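Below is one structure; the comments refer to it alone.
The values are calculated or read from the model by the stated rules, or taken from the named source; none is laboratory data. The structure presented is a predicted model; accordingly, all values stated were derived computationally and were not measured. Note: ideal-geometry Cβ built from the backbone for every residue, glycine included; neighbour counts use all protein chains shown. Heads up: the accessible areas ignore ligands, DNA and RNA and are worked out on the full protein's heavy atoms, side chains in. Shrake-Rupley method; radii C 1.70, N 1.55, O 1.52, S 1.80 Å.
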Amino acid sequence: MSILTDISENLQKGKAKVVKELVAQALDEGLGAKEILEEGLLAGMGVIGQKFKNNEVYVPEVLIAARAMNAGSEILKPKLAEGGVEAKGRVVLGTVRGDLHDIGKNLVKMMMEGKGLEVIDLGVDVTPERFVEAYKENKADIIACSALLTTTMNEMKNVVDACVASGIRDQVTIMIGGAPVTQSFCDSIGADYYTPDAATAADVAVSACQA
Ligand code: B1M
């Protein structure tokens, strides 16, 4: 069995400690961080996601797999972040109100930090007001919102509206993403950028800060 399959399978079983060790071992063996992330960790998470959808596993199993995913990606963080030294801009990032999914958001954070951006991570279940407040407090350039539920993605519209109401809309760049989010949704709510994955989000954030 390849080490990437091993990582995927242990992640599915929620064995965070083993996943951490295997990720470190894979790096030692010379595998690339992106390969380990995509073919090991994300592959395992994908299997869990499918089983969750089919009611073959339930919330507790998904939660422990998610912890293993976060533990493994923490080990990759320095590698994914390599090359990022100088802060090129400041991003306020969070998962929107009512939504507790944070794995994608954490990847976005890692990739953005890897590109030299400073990220103020507000965590999950973040209200529109909190996004605006943190933007002002930190003199940020970007508000970046993640949502994983069709029921919570509409909160992104509330974030845009809160930016308009507080008079910051013409200064702030609003980025959105997450599995149910699309470009047409982005256009419909008046956000600035939709990106499908964490690496693209980081690239677009850097360009937006340089513009
Ligand atoms: Co939830 N969950 N979940 N869940 N969960 C999904 C999202 C779901 C699709 C599963 C399913 O039914 N197939 C489904 C949503 C259905 C829908 O709305 N259409 C669902 C549901 C229904 C629920 C609950 C309602 C279940 C329940 O309680 N009955 C509940 C809601 C809780 C809440 O949030 N209020 C719930 C709970 C949970 C757990 C807590 C158990 C756990 C989260 C743990 C955690 O995050 N710490 C969990 C998980 C893990 C999942 C799945 C299995 C995996 C999500 C994930 O982390 N994927 C998911 C099924 C699936 O996606 N296959 C599912 C890996 C991650 C890297 O991908 O976050 O998409 P993702 O990030 C991607 C891109 O989307 C993008 O970058 C990343 C890749 O590079 N991206 C951005 C993300 N944010 C971005 C922001 C950007 C740009 C790109 O710019 C700012």
Item to check | Residue satisfying all of: in the stretch 49-59; on the phi < 0 side of the Ramachandran plot and either more than 8 Å from the ligand (Cβ to nearest atom) or modelled with pLDDT of 90 or more (or both); surrounded by the fewest Cβ atoms within 10 Å (Cβ to Cβ) among these | outcome: Asn54
Checklist entry - Within the stretch 71-106, restricting attention to residues that are modelled with pLDDT under 85 and either closer than 12 Å to Cys145 by Cα or open to solvent by less than 50 Å² (accessible area, probe 1.4 Å) (or both), which residue is farthest from the ligand (Cβ to nearest atom)? => result Gly84
Checklist entry - Is it the case that Gly116 is crowded, with 17+ Cβ neighbours inside 10 Å, more than 14 Å from the ligand (Cβ to nearest atom) and assigned by TED's automatic domain parsing to the domain that holds Ser166? => result yes
Next on the checklist: Criterion first (part of a helix (DSSP H, G or I) and charged (D, E, K, R)) does Lys88 satisfy it?
Outcome noted: no
Checklist entry - Using beta carbons and a limit of 8 Å, which pairs, at least six apart or on different chains, have the first residue in the stretch 186-208 and in contact (Cβ under 8 Å) with a residue 12 or more places away in the chain and the second one of a type in the set (Ser, Thr, Tyr) and surrounded by fewer than 20 Cβ atoms within 10 Å (Cβ to Cβ)? => result Tyr194/Thr182; Val204/Tyr193; Ala208/Tyr193
Item to check | In the stretch 154-193, residue most open to solvent (accessible area, probe 1.4 Å) [restricted to those that are acidic (Asp, Glu) and over 16 Å from Val126 (Cβ atoms)] | outcome: Asp170
Checklist entry - Applying the selection to the stretch 153-200, what residues are part of a helix (DSSP H, G or I) and modelled with pLDDT under 95? => result Ala198, Ala199, Thr200
